Structure formats: structure tokens, C-alpha cells
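Right, one structure below, let's go through it.
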């Protein structure tokens, strides 16, 4: 998907965004429901105030950042490239990759923040295919 196509979808749904250099920053005041999308352009950052639903997305492009204030739903995701970052305030739903919410994953390590562990695993290429 190109940046122009993604911007067109955001416009049609009425989701606010800003362009910061080569990045599209989604700044909507509520949740963002893009569940039907199967791809995103590189360099998207979600800074919206609610959840992000990308349930049909099968892979993330490099440089996608989640800084939204609620959960991120990625139920069909089959890979996560190094460079993707999860700094959202809610949980991350990765049904295909780990079977559900990352906070509930049995591989979490007591005493280590789950989001910190997820980002370290992504950086090391654990979810890359």
C-alpha cells in the first residue's frame, strides 16, 4: 500500500493525521478501526487516543510505531520486522503469532515489563519470517 492510498483511507474514515517528514502520524482522538486493511505503507505512527484495530494485516512494514493509548489488535499478523515498536498503553493482541494477548503469553519473564520484552524480541528478529 502506498502512502497516498493510506491517506485516502484515513480521509474517508475521518481519522485525523499529520505528515512529519516521510511519516504519517495518526492523531485521531478515538480508536482507529482499519480491520479490513491487509497492508500498511512504511513509516506509519499511531498516536491516537484509543485502540488500533488491524485485524486482517498479515505483516508490518518497517518503521511502524504504536504509541496509541489503548490496545493494538493484530490477529492475523504472521511476522513483525525489526524496527516496529510497541509503546502503546494497552496490550498487543497477536493471535496468530502467540495465541492471544502478549501480556498473557506464557513466555513472559517475571519482573520484566511485557512491552519491553516484546520490543526486545522484535529487535532481535524473533518474529521475522
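Read-outs: derived from the displayed coordinates by stated rules, not from any lab. This structure is a prediction, so every number in the text was calculated from the model and none was measured. Here Cβ is always computed from backbone atoms with ideal geometry, including for glycine, and neighbour counts include all displayed protein chains.
Worth a mention:
- In degrees, nearest ten, helix 114-123 long axis to first principal axis of the chain (Cα): 80 degrees
- Compared with the direct C-alpha span, the chain from residue 58 to residue 35 gains 7.2 nm at full extension, assuming 0.36 nm per residue.
- Antiparallel %, DSSP beta bridges [both residues in the range 3-123], to 5: 30 percent
- Residue exposure proxy: 15, 96, 101, ordered by other Cβ atoms within 10 angstrom of their Cβ from fewest to most, comes out as 96, 101, 15.
- Mean separation of Cα contacts under 8 Å, 6 or more apart, over the residue count of the chain: relative contact order %: 16 percent
- Extended-chain gain in nm, criterion 0.36 nm per residue less alpha-carbon gap, residue 27 and residue 9: 5.1 nm
- Degrees separating the helix 3-13 axis from the principal Cα axis of the chain, which is the longest one: 80 degrees
- Fraction of the pair-distance distribution of the range 76-129 above 13 Å, Cα-Cα pairs, percent: 57 percent
- Cα gyration tensor shape for the range 3-123, rounded if a/c is under 1.5, else prolate or oblate: prolate
- Sorted largest first, the principal axis extents computed over the alpha-carbon atoms of the range 58-106 equal 26, 24, 15 Å.
- With the helix formula -39500 (n - 2.57) applied to DSSP H stretches of n ≥ 4, the chain reaches a computed 222 nm mean residue ellipticity of -5500 deg cm²/dmol.
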